[in-house]
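Undergrad: Let me begin by handing over the structure; questions about it come next.
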Amino acid sequence: MLNYNKYQIMNNNNTTENSSRSPNVNWRSLLGTFALLLLLNSFVFPFLFKPKIIPTTYSNFINKVDSALVKKVNIDGNKIFFTTPEGTVDRNGNQQDAIYQVGKMDDANLVDRLLEADSPNENGKIEFSETIPRENSPVLNFLLYWVLPGAIFFFLWRSAMKSMRGRMDGNYMSFGKNKEKIYAEDEIKTTFADVAGQEEAKESLGEIIDFLHNPEKYGKIGAALPKGVLLVGPPGTGKTLIARAVAGEAKVPFFALSGSEFVQMFVGMGAAKVRDLFSQANKKAPCIIFIDEIDAIGKRRDGMTTNDEREQTLNQLLTEMDGFDGRKGVVILAATNRPESLDKALLRPGRFDRRVQMELPDLEGRKAILQVHLKKVKHEEIDLDLIARATSGASGAELANIVNEAALRAVRNNSSSITTNDLEESIETVIAGAQRKGKVISDEEKRIIAYHEIGHAMVAAKQTHSAPVHKITIIPRTSGALGYTMQIDEGERNLYSREDLENRIATLTGGRAAEEVIFNKITTGASNDIEQATKLARAMVTRYGMSDEFDMVALETVNNPYLSSDTSLSCSAETASRVDEVVLSIVKNAHDKAKKIIRANEAKMHELSEYLIQKETITGEEFMNILEN
Ligand code: ADP
Ligand code: ZN
Ligand code: MG
């Protein structure tokens, strides 16, 4: 369904960190349990375990005493309980006394009345008594009335403080206190050896390291080094890594903060943090301050939207950068993948005036990065060249991820070291998702998928200038791909000719073309191909000037080169509709060409597809063998 190249490597370095707050729930659940017990105690247990007590009036009580109906009387504090024989009958058929409760009244004659009254008791006398109130010991009273409430209040107060502090992200309660993570010099073990490729960046930063080692050398001549260095490049190219490596090489303290850490809940807090950071750095000089993802605070002030907190923070940063003495040996590194969004004031000389570009690694760079990461795992002899060629367009972070995936795969397979095969499989996992062996696919669908993939491969093989087919598979993937054809270029490609791109589009349409020619019907399986083909054709017209009609006019601009390939049109609506026509004709031509190729090779299509259905995955070699015999 898809073949991939530069255009397709997915971004896989979403390493969001979950900063979890310390939970303060223990006492809360305790309190909950306590409340529940209280509830049970006062409402549920009495009904379960105590006999039913009937409240009644004092006059009724006197009435019953006088009518000789009362058996027992018990005066308990300011309550009087009494029993009469006319109660309920229990489960065993025994007569139960009814128990009544009545409030005590100031009745001086009560005792006389009880003594005189008749009763159903055998001796004809009411049995009466008073419960002696139980006195708590003074110690218990003290605990109960003084210590316990105090403890409860203390716990409540402490938890309130804790949760408030949690909400304020740890800064409100400790206003002005140092919260920056300070790395002592020997804590940073990262060196330039950990950063593969990126030779230009290393060279440029080498000077900074030299300066931090002996600032006097520079001071003697009166040379001041740039105060700030901006590391710019796509995500995952090692910006954060190289910043740490600079500190590791220079053996100086390293203050690392992310731009978003400065943007606080309250206006002014971020600025305070900046001030704090610089005053600490000044004390520790020579040292490095590293502000990662600086675009969070350094975004251009556009006058349209205002964010007071961010602007104040930025202003403070600008002021601090102007204010400190560059010769003292404080170097500020910052990283961003959106340099175009940064405020101009940040970039002017005297601030971040040096820019170090981090690029996606080329073939040699990828080999080097793979080597760095393979060193950390056990592996057999690896065909580095093949893996590096297969990962064209991947960033350092993606390569690190691929090696790790391969290691996980090796563990899963109970093998003790990684093989080239593991790496290949993990490239596919990173690109197309894991295999979905359980997915049920009918034989009919399987046939269509097989012809579709062979269609791609056939069109690729029958054209010049297309990357050789490396692998074809019809094992479904978790990404939703039902199969795919993998092409790997022989070397590193930097330039693509018009013909190359047209061939690529033809290859992309090859799957659908096969469906049409063989089954005379079309399916939804080509959606991804269609998307890619259209994107490519559009770029040819609007950005690469590869149409006769528009010559070398830029019709689209790329908004954010490092993060997405979002573009915005920069032409009139009329032109835009003509662009659409040209794009259509490019795709159409390619599609026709693909159909022609498939028709011309129909016999081979059948042979190859049958073979693929049988084996589910075939290599480029197997494919070429059948095709050429
Ligand atoms: P960025 O900050 O540019 O988004 P990172 O520096 O966080 O990228 O890189 C993430 C990970 O990718 C690193 O920890 C490292 O494992 C790997 N990596 C990236 N570039 C390289 C490189 N040039 N050499 C070795 N490893 C790299
Ligand atoms: Zn396809
Ligand atoms: Mg980073």
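Undergrad: If we keep just the residues of segment 330-345 that are within 19 Å of residue 316 (Cβ to Cβ) and surrounded by fewer than 17 Cβ atoms within 10 Å (Cβ to Cβ), which is farthest from ligand 2 (Cβ to nearest atom)?
TA: 345
Undergrad: Then there is this: Does residue 248 satisfy the criteria of being within 17 Å of residue 196 (Cα to Cα) and buried (at least 20 other Cβ atoms within 10 Å of the Cβ)?
TA: Spelling it out, residue 248 is indeed within 17 Å of residue 196 (Cα to Cα) and buried (at least 20 other Cβ atoms within 10 Å of the Cβ).
Undergrad: Within segment 441-492, can you find the residues that are more than 15 Å from ligand 2 (Cβ to nearest atom), under 35 Å from the mean Cα position of the chain (by Cα) and not in a loop (DSSP other than H, G, I, E, B)?
TA: 470
Undergrad: Quick one: which residue in 322, 292 is touching a Gly at 6+ places or on another chain (Cβ under 8 Å), within 14 Å of residue 352 (Cβ to Cβ), away from ligand 2 (no atom under 16 Å from the Cβ) and open to solvent by less than 30 Å² (accessible area, probe 1.4 Å)?
TA: Selected residue: 292, the only one of 322, 292 that is touching a Gly at 6+ places or on another chain (Cβ under 8 Å), within 14 Å of residue 352 (Cβ to Cβ), away from ligand 2 (no atom under 16 Å from the Cβ) and open to solvent by less than 30 Å² (accessible area, probe 1.4 Å).
Undergrad: I'd like the residue in segment 105-145 that is within 15 Å of residue 62 (Cα to Cα) and among the small types (Gly, Ala, Ser) and, out of all such residues, is surrounded by the fewest Cβ atoms within 10 Å (Cβ to Cβ).
TA: Taking the candidates together, the pick is 108.
Undergrad: Next up: Return the residues of segment 219-246 that are modelled with pLDDT under 90 and at negative phi; say none if nothing qualifies.
TA: Passing the criteria: 219, 220, 221, 223, 224, 225, 226, 227, 228.
Undergrad: Residues that are basic (Lys, Arg): list the helices (runs of 4 or more DSSP H) wholly contained in segment 336-410 that include at least 2 such residues.
TA: 363-374
Undergrad: Right, another one. Can you find even one residue in segment 607-626 that is of a type in the set (D, E, K, R), surrounded by 16 or more Cβ atoms within 10 Å (Cβ to Cβ) and touching a residue at least 12 places away in the same chain (Cβ under 8 Å)?
TA: no
Undergrad: Filter segment 219-236 down to residues that are open to solvent by 10 Å² or more (accessible area, probe 1.4 Å), within 9 Å of ligand 1 (Cβ to nearest atom) and not small (Gly, Ala, Ser), then give me how many there are.
TA: Filtering segment 219-236 for residues open to solvent by 10 Å² or more (accessible area, probe 1.4 Å) gives 219-227, 234-236.
If we keep only those that are within 9 Å of ligand 1 (Cβ to nearest atom) as well, we get 234-236.
Subset that is not small (Gly, Ala, Ser): 234-235.
Counting residues in segment 219-236 that are open to solvent by 10 Å² or more (accessible area, probe 1.4 Å), within 9 Å of ligand 1 (Cβ to nearest atom) and not small (Gly, Ala, Ser) gives 2.
Undergrad: Moving to a separate point now. Determine whether segment 383-393 contains at least one residue that is aliphatic (A, V, I, L, M) and surrounded by fewer than 20 Cβ atoms within 10 Å (Cβ to Cβ).
TA: Yes, that holds for at least one residue.
Undergrad: Would you check if there is a residue in segment 253-263 being more than 24 Å from residue 316 (Cβ to Cβ) and open to solvent by 40 Å² or more (accessible area, probe 1.4 Å)? Step through it out loud before you land on a result.
TA: At the first step, the residues of segment 253-263 found to be more than 24 Å from residue 316 (Cβ to Cβ) are none.
No, because not a single residue in segment 253-263 is more than 24 Å from residue 316 (Cβ to Cβ) and open to solvent by 40 Å² or more (accessible area, probe 1.4 Å).
Undergrad: Let me ask another. Any idea which residue in segment 397-436 is farthest from residue 606 (Cα to Cα), counting only those that are open to solvent by 10 Å² or more (accessible area, probe 1.4 Å) and in contact with a Pro (Cβ under 8 Å, 6 or more places away or on another chain)?
TA: 397
Undergrad: Across segment 346-371, what is the total count of residues that are basic (Lys, Arg) and open to solvent by less than 30 Å² (accessible area, probe 1.4 Å)?
TA: The qualifying residues number 2.
Undergrad: For residues that are more than 15 Å from ligand 3 (Cβ to nearest atom), of a type in the set (A, V, I, L, M) and not in a loop (DSSP other than H, G, I, E, B), tally how many sit in segment 253-278.
TA: The total comes to 5.
Undergrad: Between a residue in segment 547-564 that is free of Cβ contacts under 8 Å to residues at least 24 places away in the same chain and over 30 Å from residue 293 (Cα atoms) and any residue that is of a type in the set (Lys, Arg) and surrounded by 13 or more Cβ atoms within 10 Å (Cβ to Cβ), which pairs come within a Cβ distance under 9 Å, given they are 6 or more apart or on different chains?
TA: Going by the 9 Å Cβ cut-off, the qualifying pairs are 554/543.
Undergrad: Just checking, how many residues over segment 505-534 are assigned to a loop (DSSP other than H, G, I, E, B) and either of a type in the set (Asp, Glu) or within 16 Å of ligand 1 (Cβ to nearest atom) (or both)?
TA: The number of residues fulfilling the criteria is 0.
The values are calculated or read from the model by the stated rules, or taken from the named source; none is laboratory data. These numbers were taken from a predicted model, which means no experiment stands behind them. Virtual Cβ from ideal backbone geometry, glycine too; neighbours counted across all protein chains shown. For the accessible areas, the whole protein counts, side chains as well, though only heavy atoms, and no ligand, DNA or RNA atoms are used. Shrake-Rupley method; radii C 1.70, N 1.55, O 1.52, S 1.80 Å.
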